[in-house]
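Before any comments, here is the structure.
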Amino acid sequence: MNRGKVAGPSLKSIFIEARFRETVLGTGTAFLVAKDSQSHCMLITSRHIVTGKNPQTDECLNKHAGIPDNVVVHFHANTGETGNCEWREIQLQLFRANGSPSWIEHGELAGKADVIAFNLDWGNEVSTYPYYLEKEEKEVDRFSLEIDPADSVSVIGFPFGRSVNRFPIWATGFLAQDLSLITPENPTFLIDCRTREGQSGSPVVAYRAGTYRKRVKDKVFATMSPEPAWELLGIYSGRINRESDLGIVWDVSVIQNILERSAADT
């Protein structure tokens, strides 16, 4: 059996640990985004990972009430080999010398949006595989997918801190609402997917192999391609409660807003 190569989105999810000094308080997922292949990329994850507090109740997530002061990001090492299984750990302090947070939030929603970014120079020791928010000619089939309720979506991250040879695990479920119902005041949507702790901060992706539907202006076309197509839909935040498999996803427009703000951040 020809096993092929690692899928593109499998390269993009990044394992992170929230720590207080050297003590690990929890784990999650992050990923890089950029405007295009010529632009600087930033690291995106869920806000509650860096605050250590439930985004809905503001309660401490750690059973010992620990609040993180740094995160350790596990990038793929830059060995010259795409998809290598070696990690490089980068520690990011969560607060600047003046006590202000080192992360960037949404311009209007601020802390109400469970999404933050770090805007740093990642150096040459790590490999970077960002999602691009503006399509390029070579990526034309990875944008404008037509996605309806009950279509499959994947949360690509690290449940319970688990990985497969240091690559993320794909949890696949279904879109649970019409995306047309997203509003600027509440730029979230629901998915029905069996997700668990550690998947917060994961990219939520529509991944299609073979035949898929694509929107061009106001028309929808069925397309068949030998190459898979995918589109970044947003960032996974968590389940609406412990008894439900319904999960909250912050729309990609929130990421776009933070990306624009990061351009002015030093």
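Scanning the stretch 221-245 for residues that are closer than 23 Å to THR188 by Cβ, in contact (Cβ under 8 Å) with a residue 12 or more places away in the chain and hydroxyl-bearing (Ser, Thr, Tyr) returns TYR236, SER237.
Restricted to the stretch 1-62, the set of strands (runs of 3 or more DSSP E) holding at least 1 residues that are open to solvent by 30 Å² or more (accessible area, probe 1.4 Å) comprises 13-20, 23-34. State whether one or more residues within the stretch 201-220 are among the polar types (S, T, N, Q) and either out of contact with any strand residue (DSSP E or B) (no Cβ under 6 Å at 6 or more places or on another chain) or touching a residue at least 40 places away in the same chain (Cβ under 8 Å) (or both). Yes: the stretch 201-220 contains one or more residues that are among the polar types (S, T, N, Q) and either out of contact with any strand residue (DSSP E or B) (no Cβ under 6 Å at 6 or more places or on another chain) or touching a residue at least 40 places away in the same chain (Cβ under 8 Å) (or both). Within the stretch 9-29, the residues that satisfy the criterion of being more than 16 Å from LEU133 (Cβ to Cβ) and under 18 Å from the mean Cα position of the chain (by Cα) are SER10, LEU11, SER13, ILE14, PHE15, ILE16, GLU17, ALA18, GLY26, THR27, GLY28, THR29. Restricting ALA229, ALA176, ALA150, ALA222 to residues that are modelled with pLDDT under 90 and open to solvent by 30 Å² or more (accessible area, probe 1.4 Å) narrows the list to ALA222. For beta carbons closer than 8 Å, sequence separation of 6+ or different chains, a first residue in the stretch 98-118 that is free of Cβ contacts under 8 Å to residues at least 60 places away in the same chain and small (Gly, Ala, Ser) and a second that is open to solvent by 30 Å² or more (accessible area, probe 1.4 Å) and assigned to a loop (DSSP other than H, G, I, E, B), the qualifying pairs are SER102/ARG96.
Does LYS135 fit the bill of being part of a strand (DSSP E or B), of a type in the set (Lys, Arg), more than 30 Å from ALA18 (Cα to Cα) and modelled with pLDDT under 85? No.
The values are calculated or read from the model by the stated rules, or taken from the named source; none is laboratory data. Small disclaimer: the values here were computed from a predicted structure and weren't measured. Cβ sites come from the backbone with ideal geometry, for glycine too, and all protein chains shown count toward neighbours. Surface areas here come from the heavy atoms of the whole protein model, side chains and all, with no ligands, DNA or RNA. Shrake-Rupley method; radii C 1.70, N 1.55, O 1.52, S 1.80 Å.
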